[in-house]
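Data first, discussion second: the structure below is written as structure tokens.
The values are calculated or read from the model by the stated rules, or taken from the named source; none is laboratory data. Not measured: the values here are computed from a predicted model. Quick reminder, even Gly has a Cβ in these numbers, built from the backbone with ideal geometry, and neighbours come from all protein chains shown.
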Amino acid sequence: MSKQSLLDMLQQQGITRRGFLKYCSALTSLMALPPSMMPAVAAALETARRPSVIWLSFQECTGCTESLTRSHSPTIEGLIFNHISLDYHHTLQAASGTAAEQAREQAMHDNKGKYLVIVDGSIPLDNPGFSTIAGISNVDMLRETVANAHAVIAVGTCAAYGGLPHASPNPTGAVSVGELVKDKPLINIPGCPPVPTVISGVLAHYLTFGSIPELDELGRPKVFYGQSIHDRCYRRSFYDKGKFAMSFDDEGARKGWCLYRLGCKGPMTYNACATLKWNQQTSWPVESGHGCLGCSEPDFWDAGSFYRALSIPDGDYAKAAGYAVAAGVAVGAVAGVMNRSTKASAVSQHSPVSVDDFSVNKNNNQEG
Amino acid sequence: MTTQLNIAKGINALKEQIDAPTAAFFSSCVHCGLCAEACLFYTETSDPRYTPINKVEPLKRVWESEFTLWGKLKKVLGLHKPVTDELLAEWEPLIYDGCTLCGRCSMVCPVGNDISTMIRKVREGMVASDHAPEGLVGASTRAVKIGSPMGVRLKALEAQIRHIEADTGLTIPIDVQGADYMALLSSMEIINFPEYIESLAKIFKQAGISWTLSSEAFEATNSGIQIGSSDIARELVQRVVDGAEKLQIKYVISPECGHAYTAIRWDGPNLIGRPYPFKVVHILELLDQLRQSGRLKTSGQYSKRLTFHDPCQIVRKGGVEAQPRHLLGLVASDFVEMADHGKMNWCCGGGGGVSANERADEIRLTAFKRKKAQLDEVNVEVMVTACANCRLVLEEGLEENNMDIPVIGLSELISDHLTEE
Amino acid sequence: MDISNANEFLIWTRGSGFNIAVSIFIIGVLIRILEIVLLGRKQDLAEPRGTEWGPGFKNILSRSLVDKGTFRRSPFVVVVGYIWHIGFFVCLLLFVPHIELLHATLGIKWPGLPNPLVDSAAAVTMFAMLALLIHRLMHPVMKFLSTYEDYLVWLLTFLPLLTGYIAYHRMINPYPAALGLHLLSVELLLVVFPFTKLMHAFTLFLARWYTGAMMGRKGIES
């Protein structure tokens, strides 16, 4: 790790101490810590050393890296990212080929047991040749790199849950990092891409406490993924009142009513978009008039149309119903014919009753 | 040559009874229990076994295991409940002693089930499996062999006719070929209430109606309907049809007898398998027609406070509801309705063969408490009805409860107020 | 099928699970109805006093209104029965997400109610159903008539309300698990529907019509 502290670096970049403390305060509340913890957060961050980070990109689109790096102006989030010692990132690094791989091996060797592995992209298991780097299959590289890591962060939905490559029919047999890494601390930061503030927030947490934040059952930091988009959505009151946009250009859409009926997946999506927003807190999808796609949830590609309400089933039910009607009519007609024949045969077996047939009368006749 | 009645025949008879309405009814029951509150055998005993829908359990089992795929599957898996001789024996008192086929349950069922028709169907299975009560077997046997459930022969009728003719100077026509109307009588009217015959003669004479009795087909009651045997009922209906056809009459008049009306008016053509060449009219319908056409001339009003007991088979199940009220309007100045009246009236407790079944005497008198409660609310001096069986059952119940309320037939009340010429 | 997480569970209940349930429901209901109507009625040879069609349809409507005597004798069952049926249909038909579903599957739509109203209806309906369950367990007639099927059907009707309430209030996390449970409970209801007394929802129209028609023939007001 580098000797330079985070505060030193930030000051070199022109960030004032006041700006830094403001960020620490926001970070403290973001991490759901009591305000009294802010000085401790600031103190920890001030002195945080640069950890070594190895960034592995597998079956991915680079969107996650773009999300983090393509800010319009320098931000503390971006600078925190800059603070880490990114020893290997084959999209960003200058080195290539053997030199690049050597850098990775060097970092692993120098920081054995201490370095962080960040992964974006899923890992193909059907045929390792589907995705290789320097002739090394993704799965081998992941196993080798993770072996001596301190912790692993799966950035983006592909790394966290398989994402787009994993979507049905999953031609490459893509799996998430979590499917392969079972013996190291793993943080999932899903999203397509994830909110940059969330990535930097997790890194800040790691820098502050040297540990990973509290996670939910899907391995996501609870502070960022503890609430659904729906619960924090500024349009929620329209949902409750029953005011919905019915098309993207109707009066409801113009008035900013709820987008549920246009397919918003906010109710089932756990992410921080509604509170942190995007692009320096400029806006977020729902604010710009489009429903949430649910991109930070497992299997979101397979969860049906983005433009159909969550309550609409998404299989080919019309076809199923069509077959069912045909089958029901056919079987019902047979059953009906059987019933008629059951009855007809009972009628044909009828033997007329006469009053002499009653046992009371037979007994009386015998006695008489 | 007699047939052996047994459980197999019983089950077969139940199978014959299943039709689309029955299947729809069983499919619709949600066990809400509301029919219990419509049945006087439940309300007066609080015994849930008398819940109407429970009474049709044997038929339900046959329907489920023979007429539904789901039930057939259950049968294959051994999960169905079979209809056994023991089951029918256990249900016999519920079907015969605890049900008058009054049809009140069919009026209240929220899903629209006609429960009383289903109970009538269960009786077919009871008969075919030899589970009919002795009293009804006796009545049916007398009806078939003697011609009347009470053993009334033509000689007895002729004796009553001679009495009436001697007392009143009226003529009671018998076997008049080509008369317009042929009147039927119930045994009870012949034996207990001959004033009905006299009333007919008086009214028809005044109205100038061409009518007759038939020496071969004077009995209106049909024990086959009560015991629940289409075969026996058919034989009895056929006698009436034969008698009417022989005399070539235009109308058959059903008397003041509830189930006789059901038998001859609604069930008859279906039992004999063809429409009649004559029409069937209830005496109250005919009297109301005469009233409308001005041929029924009355004078004076009966001033005692009275109420009308609607016979179930004539009103609720026969559709003759307005006519008795029109007729009462003619002659009664203080007519009050009971709280539940018309098609929602409570049964006397003795219809549907219950009064012919001595075993049911006790529960019948218990059930009468419902009628007593109705009467207590209206505080009347006289009851009018239009069914000889209701009349007898009411009289017995009133006497049992020390209630001094005479019961009179509506036709009789009308005839008492005919304008003297 | 791998239901290792809530989302896959939800995807299954929205996809294959729904298709399976709807198929069983449609096949079963059609069989049950054809089994009934194909049995037919014997032609009635008695001269009718009135017609069948009108009184049959009138009876379909009029049986929805309870007669005075029944109300006086069983006010609890009548009132609570109305409450839960109406409440159930309010929840089923007037909740916007449900309207979206019915619009997508059946192609018809109508206006919904604000969610808090539907939410209250759901709560009232569940209370009514609980009260009726207790009544069923206590009242001599209902207890006597009830079979395992009555309790099973009660449970399977109650669960969609309960899971819907839980999902709406997000009482189980993550939400896809709650919504998935709600859909699964509805699918269970659809699957058992044709094989239980739930069929009355369809067959009562037949039952009421047949009875009304019979009454019409005889000139009895239905």
Practice prompt. Kindly check whether there is at least one residue in region A:105-113 that is within 27 Å of A:PRO298 (Cβ to Cβ), in contact with a helix residue (DSSP H, G or I) (Cβ under 9 Å, 6 or more places away or on another chain), at pLDDT below 95 and of a type in the set (A, V, I, L, M, F, W, C).
Written response: no
Fill in: Neighbours by Cβ (under 7 Å, 6+ apart or cross-chain): first from region B:78-93, part of a loop (DSSP other than H, G, I, E, B); second surrounded by 15 or more Cβ atoms within 10 Å (Cβ to Cβ) and acidic (Asp, Glu)
B:HIS80/B:GLU64
Item to complete: Those residues that are of a type in the set (A, V, I, L, M, F, W, C) and on the phi > 0 side of the Ramachandran plot, I need them from region C:73-120; list them, please.
Response: none
Discussion item. Looking at (1) at pLDDT 95 or above; (2) over 30 Å from A:ALA303 (Cβ atoms); (3) of a type in the set (Ser, Thr, Tyr), which one does C:SER222 not meet, given that it meets all the others?
Written reply: (1)
Worksheet item: Just one of the numbered conditions (1) more than 21 Å from C:VAL90 (Cβ to Cβ); (2) more than 9 Å from every other protein chain (Cβ to nearest Cβ); (3) in contact with a helix residue (DSSP H, G or I) (Cβ under 6 Å, 6 or more places away or on another chain) is not true of C:ARG208; which one?
Response: (2)
Fill in: Output for region B:104-160, where each listed residue is over 30 Å from B:HIS341 (Cβ atoms) and in contact with a Ser or Thr (Cβ under 6 Å, 6 or more places away or on another chain)
B:VAL127, B:ASP130, B:SER140, B:ALA143, B:SER148, B:VAL152, B:LEU154
Discussion item. Just to be sure I understand, how many residues within region B:125-174 are at pLDDT 95 or above, assigned to a loop (DSSP other than H, G, I, E, B) and among the small types (Gly, Ala, Ser)?
Written reply: 2
Worksheet item: In region B:47-64, what residues are within 7 Å of another protein chain (Cβ to nearest Cβ) and in a loop (DSSP other than H, G, I, E, B)?
Response: B:THR51
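Residues are listed down the side, and each one gets a yes or a no for (1) part of a loop (DSSP other than H, G, I, E, B); (2) away from every other protein chain (no Cβ under 12 Å); (3) closer than 21 Å to A:GLN227 by Cβ:
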residue: A:ARG261; (1), (2), (3): no, no, no
residue: A:ALA274; (1), (2), (3): no, yes, yes
residue: A:GLN280; (1), (2), (3): yes, yes, no
residue: A:GLU287; (1), (2), (3): yes, yes, yes
residue: A:GLY291; (1), (2), (3): yes, yes, yes
residue: A:SER296; (1), (2), (3): yes, no, yes
residue: A:TRP301; (1), (2), (3): no, no, no
residue: A:SER305; (1), (2), (3): yes, no, no
residue: A:LEU310; (1), (2), (3): yes, no, yes
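Let's see how each residue does on (1) more than 10 Å from chain C (Cβ to nearest Cβ); (2) within 24 Å of the chain's Cα centre (by Cα); (3) not β-branched (Val, Ile, Thr):
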{"site": "B:GLU66", "(1), (2), (3)": "yes, no, yes"}
{"site": "B:LYS72", "(1), (2), (3)": "yes, no, yes"}
{"site": "B:CYS105", "(1), (2), (3)": "yes, yes, yes"}
{"site": "B:PRO110", "(1), (2), (3)": "no, no, yes"}
{"site": "B:ARG123", "(1), (2), (3)": "yes, yes, yes"}
Discussion item. Scan region A:217-233 and tell me whether some residue there is hydroxyl-bearing (Ser, Thr, Tyr) and surrounded by fewer than 17 Cβ atoms within 10 Å (Cβ to Cβ).
Written reply: no
Practice prompt. Scan region A:43-60 and report the pairs whose first residue is within 21 Å of A:TYR88 (Cβ to Cβ) and whose second residue is among the hydrophobic types (A, V, I, L, M, F, W, C) and assigned to a loop (DSSP other than H, G, I, E, B), with Cβ atoms within less than 7 Å and a gap of 6+ or a chain change.
Written response: A:ARG49/A:MET1; A:ARG50/A:MET1; A:ARG50/A:ILE84; A:PRO51/A:MET1; A:PRO51/A:ILE84; A:SER52/A:MET1; A:VAL53/A:ILE84
Worksheet, complete the sentence: Those residues of region B:1-38 which are under 10 Å from C:VAL141 (Cβ atoms) and either in contact (Cβ under 8 Å) with a residue 24 or more places away in the chain or at the interface with chain A (Cβ under 10 Å from one of its Cβ atoms) (or both) amount to B:CYS32, B:LEU34, B:CYS35, B:GLU37
Discussion item. Quick check on my filter: what residues within region B:307-333 are without any contact (Cβ under 8 Å) to a residue 12 or more places away in the chain and within 16 Å of B:GLU412 (Cα to Cα)?
Written reply: B:GLY329
